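Have a look at the structure below before the remarks.
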Amino acid sequence: MTTIDTKPVDQARLEAFVGQAVFDMAAAISGLLLHLGDRLGLYKAMAGAGPITPETLAQRTGTAERYVREWLSNQAAGGYVVYDPAHGTFELPPEQAMVVADETSPVFLAGAFESIASCYADHDVFVDAFRTGAGVGWPEHDHRLFSGVLRLFRPGYAAHLVDEWLPALDGVVDKLRSGASVADVGSGLGASTIIMAEAFERSTFVGLDPHEPSIVAARKAAAEAGVGQRTRFEVATAKELPGSGYDLVCLFDCLHDMGDPVGAARRIWQALAPDGTLLLVEPMAGDGLEHNLNPVGRTFYGLSTVICTPASLAQEVGLGLGAQAGEARLTQVLHEAGFSHVRRATETPFNLILEARP
């Protein structure tokens, strides 16, 4: 029998929560419309165009005016575009354009909405996973997850990796300039590998990922970037990292996705040169849930629920570390793997960057 809670309702608290839920409802449907605007090129067409009518925007993007007009109305209601009722025009301010139209911007977020859209498409898979406890492997997701993750992470890597994260590691940049051997484990579509290869012409790079379509795409991207001769990409897990004597091994936003993060880190520890370095980049998180009750934590816990934790549970061991593990738990994993020195090298509002040495 279900017991009904008969505690008195705080009316003010109820109204405040209803307001929050309505705000989230508006955000949920608007997230879909943001993804549509990104996919249809509506934001890019508005960037720098000044005030524009729905008719003109539709003509420039090959879309239907009636749909565009309704989409613009939603965007105006959400503050993404500015509406001028006197002239019936809409304008995308430059600040908003940096977030939704400029893929080179460090604050570009359309990739995040593409990733989230893929998760809605996988809804039935997650329902089954919740009921059975089974994992959901990376290849089982809607294809937009792969391109969305690339577009989500690449701007941050381009903005911070070479100029901030690598210089925060002891002696690593000097090695890279002289000619270092680097492995990028969990390299995905190759963005981080290519960024490093473009910056350090004397070093050689290998990118590893168990998802073969991503490796095929990474090889193509490296060739197009002109770094194909100094990079190679192989289909392999972290525990299959080939060779030894690496000066630098990198893990970008992927250790928490692994079923056996301790085993993966132990293989990296074995493969490093005696004075080698592990660069670990993970989502920003405090060490306790109470430290992560904020919009960034909410986002990462959401993504972890349907992407990261299911990926880990689909692999051997299935530790399910989660995207909000925090520095203390990550340090524990690295110590268990054999690393004697672990420190926080730097951070961003979205990233925690740790340096580990044998």
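Odds and ends about this structure:
- Remark: relative contact order (the chain) = 12 percent; criterion is Cα-Cα distance under 8 angstrom and separation of 6 or more residues.
- Estimated Rh, the range 29-83: Kirkwood, alpha-carbon pairs, angstrom: 11.0
- Projected area, mean over directions - the range 90-173, Cα convex hull, nm²: 8.5
- For the range 253-354, accessible area per residue (1.4 Å probe, heavy atoms of protein chains only), Å²: 40
- Dipole check for the chain: with +1 at the C-beta of Lys and Arg, -1 at the C-beta of Asp and Glu, and the Cα centre as origin, the magnitude is about 400 Debye.
- Evaluated at q = 0.12, 0.27 Å⁻¹: base-10 log I(q)/I(0), Debye formula over Cα of the range 57-127: -0.45, -1.19
- Accessible surface of the chain [probe 1.4 Å, protein heavy atoms]: carbon and sulfur percent: 57
- Square roots of five times the Cα gyration tensor eigenvalues for the range 8-159, Å: 30, 24, 15
- For the range 298-358, the Cα gyration tensor yields ellipsoid semi-axes of 22, 17, 7 Å (square root of five times each eigenvalue, largest first, whole Å).
- Heavy atoms of the protein chains alone define the surface here; on that basis the range 67-115 has 51 Å² accessible area per residue at 1.4 Å probe size.
- Computed over the chain with a Gaussian network model linking Cα atoms closer than 10 Å, the most mobile of GLU201, GLU290, GLU55 is GLU290.
- Charge dipole (debye, nearest 20) of the range 1-146; +1 at Cβ of Lys and Arg, -1 at Cβ of Asp and Glu: 120
- Tail beyond 17 Å, pair distance distribution of the range 132-173 (Cα, percent): 55
- Rounded to two decimals, the Cα-based Rg/Rh of the range 179-267, with Kirkwood Rh, is 0.94.
- 222 nm mean residue ellipticity, helices alone, for the chain (DSSP H n ≥ 4; -39,500 (n - 2.57); rounded to 500): -14000 deg cm²/dmol
- Average silhouette area of the chain, convex hull of alpha-carbon atoms, in square nanometres: 22.0
- Every Cα-Cα pair in the range 89-248 was counted, and those over 28 Å apart are 31% of them.
- Kirkwood estimate for the range 256-358, i.e. one over the average of 1/r between Cα atoms, Å: 13.9
- Under the span-like rule (Cα at least 27 Å along the axis, Kyte-Doolittle mean at least 0.0), DSSP H helices of the chain: 11-39
- Extreme residue, positive dipole direction of the chain, given options GLY318, LEU72, LEU92 (C-beta unit charges): GLY318
- Charged side chains reduced to their Cβ positions (Lys and Arg at +1, Asp and Glu at -1) give the range 131-175 a dipole of some 300 debye around its Cα centre.
The values are calculated or read from the model by the stated rules, or taken from the named source; none is laboratory data. Since this is a predicted model, take the numbers as computed values, not measurements. Note that we place each Cβ from the backbone using ideal geometry, even for glycine, and neighbour counts take in every protein chain shown. The protein model used for the area step is the full one, side chains on, heavy atoms only, and it has no ligands, DNA or RNA in it. Shrake-Rupley method; radii C 1.70, N 1.55, O 1.52, S 1.80 Å.
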